[in-house]
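Any read-out appearing in this document is the output of simple, stated calculations on the displayed coordinates, not a laboratory observation. None of these values were measured; they are calculated from a predicted model. Here the Cβ positions follow ideal geometry from the backbone for every residue, glycine too, while neighbour counts run over all protein chains shown.
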Amino acid sequence: MEIQKQLKSHGAWVGKWTFILAATGSAVGLGNIWGFPYKAGTNGGGAFVLIYLGCILAIGLPIMVSEIVIGRRAGNSPVNAMRRVAVDSNTTPLWRFVGWSGIFAGVLILSFYSVIAGICLNYIFISATSSGALSATDQFSNVISSPLNLLFWHTVFMTLTALIVSAGIKDGIGRMVKILMPLLGMLMIFMVIYAMINGDFNKAMTFLFAPDFSNVTSDTLLQAMGQAFFSLGLGMGSIMAYGAYMPKDQSIVSNSFTVASLDTLVAIVAGIAIFPIIFAFSLEPNSGPGLVFVSMLSAFNQMQYGQFVGPLFFILLSVAALSSSISLLEPGVAYLSEEGILPRKRSAEIIAFVAWVLGIGSALSFNIWSDFHLISDRNFLDSMEFITNQVLLPLGGMFIAIFVGWFMKKSLITDEIGAMNKVLYMLWRFFVKFIAPLSVAYIFYRQFF
Ligand code: PFF
């Protein structure tokens, strides 16, 4: 009864596909198309890709199922969902702090996410007007050297995010992802075909899929694991918040498989679209955050109709970023509005504003603050990425796995999981109880102690 009431206050996903689309919308974003290729590039390629895939399977997937189980069981925002399921399982309500850490991580991620997404918005116009006279590398340097330019686009993107979240779950989020995500998929495939014909395809495939483990360090492990959490959108309650809106008759396990597979596919396809161009144009695979902008603009500059295809690509990338950024804002907004502390619209505005202010630091880290180091030798943006991807998300995910594996009442879990192949269930339990938390703990141990 109470769950019904909660669902009513937040709305529920309409239609069978809406949860999958929205969860995929949350998962697929800059992490796949901007983050994955550049991190694979700076970490030597194949070995990173393989470790990343291992993390998705052994850690990400079991935790994704766990998050949705908690979210749907409670039908609340993550803070209250953790508290409620903990109380229903006769354990301490302090588990709600996992929800709080998620809200905190969400704001930190949103702050730098919006700056990068702002660059995507900027590239819609750059790719429409670029004549190729300026090299793609110089073009990127121009974009990031102007604080005002970055701040302008950061502001535009953050405003869009807040507007959509204000509109609420059904009208705002559900509607957008339906049309635009499939379109992005099609354009990515087009870019792969282009890269196969015009790029150095063989070299790219070797780089991405022939692992060389000789250079793998504890830092590579941590980065690959962080990237897996970030890309799937795990460890901070955003998929938990979405799970709260998932109809009871849908299968959590098969939905998780679909979302994780689509997410991984997009990351790999992005790599296959980008690296052939990097190698054919003698660009640097390890050049960092500018990789997607430089490589794609180089391709569009050469391509017939590049001035049309380019803007289309960056529009779709911006939409993918938007369908992720709204899920970063959702846990905090859901909490404030559900508690009656502030109306939904106000909550969205205030949290987005806090993230916007923090984002200024990331925008400046590309130019006037480039020498300012926050955590060891990391600039502001890198530090935000490090704290969230590599610390808060894995930590949050580890606690979620421990909670579901060891503390949550079994009957509550089986209620949500429903009828499921026994072996598969045992396997999932084993991964949630042991493999996922121990892997995170091991990788932390190797890196930090
Ligand atoms: N998964 C998104 C991406 O890959 O761009 C980013 C993200 C969304 C991270 C939601 C974390 C999250 F909770």
Count of lysine pairs in the chain with Cα atoms under 22 Å apart, counting only pairs 8 or more residues apart in sequence or on different chains? 24
Where does the Debye-calculated log10 I(q)/I(0) of segment 383-449 sit at q = 0.27 Å⁻¹, using only Cα point scatterers of equal weight, no solvent? -1.16
Computed on Cα atoms only, the convex hull of segment 49-144 has an orientation-averaged projected area in nm² of 9.5
With Cα springs under 10 Å, the Gaussian network model of the chain assigns the largest mean-square fluctuation among Val354, Val177, Val423 to Val423
Return the FRET efficiency for the residue pair Asp138, Tyr442: r is the Cβ-Cβ distance, R0 is 41 Å, and the value is rounded to the nearest 0.05. 0.40
Just want the answer: with Cβ charges of +1 for Lys and Arg and -1 for Asp and Glu, which residue in Phe97, Met188, Ser114 is farthest toward the dipole's positive end in segment 89-209? Phe97
Taking only C-alpha pairs under 8 Å that are 6+ residues apart, what is the relative contact order of the chain in percent? 35
Between Lys16 and Met186, what length in nm is gained on full extension when 0.36 nm per residue of separation is reduced by their alpha carbon distance? 59.0 nm
Tyr425 versus Phe372: modelled label distance in nm, points set 7 Å from Cα along the beta carbon direction: 5.4
Name the helices (complete DSSP H segments) of the chain with a Cα length along the long axis of 27 Å or more and a Kyte-Doolittle mean of at least 0.5, or state none. 96-129, 147-166, 175-198, 252-280, 306-338, 344-364
Report, in debye and to the nearest 20, how large the dipole of the chain comes out about its Cα centre when Lys and Arg carry +1 and Asp and Glu carry -1 on their Cβ. 1360
About its Cα centre, how strong a charge dipole does segment 310-449 have in debye, to the nearest 20, once Lys and Arg get +1 and Asp and Glu get -1 at the Cβ? 580
If contacts are Cα pairs under 8 angstrom and at least 6 residues apart, what is the relative contact order of segment 249-310 in percent? 21
Quick one: net charge of Ile109's neighbours, Cβ under 14 Å, K/R +1, D/E -1? -3
Mean residue ellipticity at 222 nm from the helices of the chain, using -39,500 (n - 2.57) per DSSP H segment of n ≥ 4 over the full residue count, to the nearest 500 deg cm²/dmol? -23000 deg cm²/dmol
Normalised by the empirical 2.2 N^0.38 Å for globular proteins, what value does the Cα Rg of the chain take? 0.93
Taking a point 7 angstrom from the Cα of Phe97 along the C-beta vector, which residues in segment 43-77 have backbone N less than 18 Å away? none
Rounded if a/c is under 1.5, else prolate if a/b beats b/c, else oblate: with a ≥ b ≥ c from the C-alpha gyration tensor eigenvalues square-rooted, which is segment 115-258? oblate
Farthest positive-ward along the chain dipole, Cα basis, beta-carbon charges - from Leu322, Ser146, Leu312: Leu322
Among Ala47, Ala133, Ala270, determine the one that fluctuates most according to a GNM of the chain built with springs between C-alpha atoms less than 10 Å apart. Ala133
Descending packing, highest mean Cβ count within 10 Å first, for 377-384, 144-151, 98-105 is 98-105, 377-384, 144-151
